[in-house]
Amino acid sequence: MAVARLLSLVCVAAVLCPPSVVSQTCKEGDKCSEGGGGKLLIKGGIVVNEDVEMISDILIDNGHIQLIATEIAADSETRVVDARGKYVMPGGIDPHTHLEMPFMGEVACDTFATGHQAALAGGTTMHIDFALPVDGSLVKGWEEWRKKAAKANMDYGFHMAVTAWNDKVAEEMEYLAKNKGVNSYKFFMAYKGALMVTDEQLVEGFRHCKKIGALAQVHAENGDAVAAGQKYIAEELQILGPEGHALSRPAILEVEATERAINLAAWVNTPLYVVHVMSKGAMEAVARARQAGYRIIGEPTAAGLTLDESKMWDPDFKTAAAHVMSPPIRKHDVDGIALQNALKNRVLSLVATDHAVFNSTQKAKGKHDFRVLPNGVNGLEERIPVLWTTMVNTGKITPMDFVRITSTEAARIFNVYPQKGVIREGSDADLYVLDPTVEYTISPQTHHSALDTNVFEGIKCRGKVVTTISRGDIVWDNNQLFTKDGRGQYIETKPFSPYLFGGLEQEEALKRAEMNAPVKRNLDKIYA
Ligand code: URP
Ligand code: ZN
Ligand code: ZN
């Protein structure tokens, strides 16, 4: 650390009297938007990794980071990005999105083109999307999602949802993990009659995940109780507006399912990832489990950390409907703040968006009954600036923590580190430049998603992503996108992530030895 500080002082001196730096960023139609663009030098930025920050130059070539040093000279072939006074951070990795997902009778309106463009404008350069089975087949689902992703503008990976349990599902999970780079499987404990699985299926699925080295994930809400709650709220209390969504899915049902999933995963002894932890109670369940030594990961979302449930009571239906997601956005002063603190203290590990967007026309399907209102909110573009504003500008976390929760931790969990998630020589040149002085207000008029609303509308951000680089290409600069469909690549996520599975075999061996079973008995003697 002391060496890093010293280096950084030397670097500061270099920046105070820099060589003339010309900003020659990419223009529309330039080579750099075609992929594998020429050499790029990012000059004089505060380079932040999860463990250190220092002022450095970064030389990029062939889509990779070639050199990081205090002073790198640019040749005439090299484009230079002047990053002095700005932060340079590893490209964001959003571990939870649903692009073009068919859900509740609609298809999420951000595609792998529009969703990716929004992401790149907000500093995210990779995401992991949830593919759903097609005709009961996980392999068909994976193929279908690869087709959707032909338009990819940035790198992406897949989780797969498991919505039933049988031999074919088990075989396909193993096949996808071994051959297609899918190392995480999500089980829905809610959405009864659609995606929900039973506890027995959950246990079978967890056990299989452990066997194939995949990470089990859960959407934790008690789906049976939610169904009963919806009936009561809608039919007995005649509450049919978006507020009925919040009232029918209270935090207690999220807490119950979170605890149940954790207990089942602990019993099976497999790592578990709880997606979209939205309530203080669910976070506390994660905290207890981690304290008890279980391999449990909790993921809050940008919306859950920063917004308030009161929006679902908004008299304007469009606004209220835009905020409907599951589990619901909770009380900011109770839940949101507790989630922020848990993130600060590493009880929660990383931040996602759960970007699943339905436009006002699609949401209007639920104008007479919240039960058919498509669930989901945006965040791909907003996650980084909103979190920076909320957590870094307030001093809650450092820029290094910020890098960990928006990028590095996801790379480690999903086993793509150090290809992604770090600014290091040899790593993919996925990074962004954030100007901490620029102020702007989020608006659907200026965002890049296909959505016509934005749950973060009106939030004043201080800190803007001014340049994004994906695999060495400048894809966002000076408020303009320079990207094209099909430039993004599929990233295989390999099973048995050492970050999650390291030591599990030894733990298992000990548990097995402690069983002292089966006991050897001479049954012939008894019944002779
Ligand atoms: O409301 C949400 N979260 N929609 C997307 C599907 C899911 O549950 O993650
Ligand atoms: Zn979910
Ligand atoms: Zn989701």
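Bear in mind that the values in this text are calculations on the coordinates, not laboratory data. Keep in mind the model is a prediction, meaning the values are calculated, not measured. As a convention, Cβ positions derive from the backbone with ideal geometry for all residues, glycine included, and neighbour counts pool all protein chains shown.
The residue list ALA513, PRO242, ALA265 was ranked by how far each Cα lies along the charge dipole of the chain toward its positive end, using unit charges on Cβ atoms, and ALA513 comes out on top.
With a Förster radius of 35 Å, plug the Cβ-Cβ distance of LYS140 and THR394 into 1/(1 + (r/R0)^6) and report the FRET value to the nearest 0.05. Once the sixth-power term is evaluated, E becomes 0.15. Dipole orientation for the chain: of the candidates LEU59, GLY141, GLY502, GLY502 has the Cα lying most toward the positive pole (charges on Cβ; Lys, Arg +1; Asp, Glu -1). Seen from CYS109, the other residues with C-beta closer than 11 Å to its C-beta sum to a net charge of -3, counting Lys and Arg as +1 and Asp and Glu as -1.
Taking Cα pairs under 8 Å and at least six residues apart, what relative contact order does the range 449-500 come out at, in percent? Dividing the mean separation by the residue count of the range 449-500 yields 16 percent. Rounded to the nearest 20, the size of the Cβ-charge dipole of the range 89-496 about its Cα centre is 740 debye, with Lys and Arg at +1 and Asp and Glu at -1.
Enter the angle in degrees (range 0 to 90, nearest 10) between the Cα long axis of helix 138-148 and the first principal axis of the Cα atoms of the chain, meaning the one along which they spread out most. With both axes taken from Cα atoms, the answer is about 30 degrees.
When only alpha carbons are used to place a centre, the range 154-213 and the range 223-297 end up 19 Å from one another. The range 460-517 and the range 62-131 have Cα centres spaced 12 Å apart. Mean sequence separation of contacting Cα pairs (under 8 Å, at least six apart), scaled by the length of the chain, corresponds to a relative contact order of 21 percent. Which of the three applies to the range 89-496, rounded, prolate or oblate, going by the alpha-carbon gyration tensor with a ≥ b ≥ c and a/c under 1.5 meaning rounded? Here the range 89-496 falls in the rounded category. This model, with +1 at the C-beta of Lys and Arg and -1 at the C-beta of Asp and Glu, gives the range 371-528 a dipole about its Cα centre of some 620 debye.
Helix 167-179 against the longest principal axis of the chain: what's the angle in degrees, Cα atoms only, rounded to the nearest 10? Orientation of helix 167-179: about 20 degrees from the principal axis.
When the chain is described by a simple charge dipole with +1 on each Lys and Arg Cβ and -1 on each Asp and Glu Cβ, the residue from THR467, VAL169, GLN117 located farthest towards its positive end is VAL169. Taking 51 Å as R0, compute the FRET efficiency from the Cβ-Cβ separation of ASN341 and TRP267 and round it to 0.05. The computed FRET efficiency comes out at 0.95. Between 0 and 90 degrees, the angle of helix 280-291 with respect to the longest Cα principal axis of the chain falls at about 90 degrees. Straightening the chain between THR437 and ALA164 buys 93.3 nm, computed as 0.36 nm per residue apart minus the Cα-Cα spacing.
A DSSP coil position with no more than 15 other Cβ atoms inside 10 Å describes the following trypsin sites (Lys or Arg not before Pro) in the range 54-102: ARG84. Once the chain from GLU505 to ASP316 is taken as fully extended at 0.36 nm per residue, the excess over their C-alpha distance is 62.6 nm.
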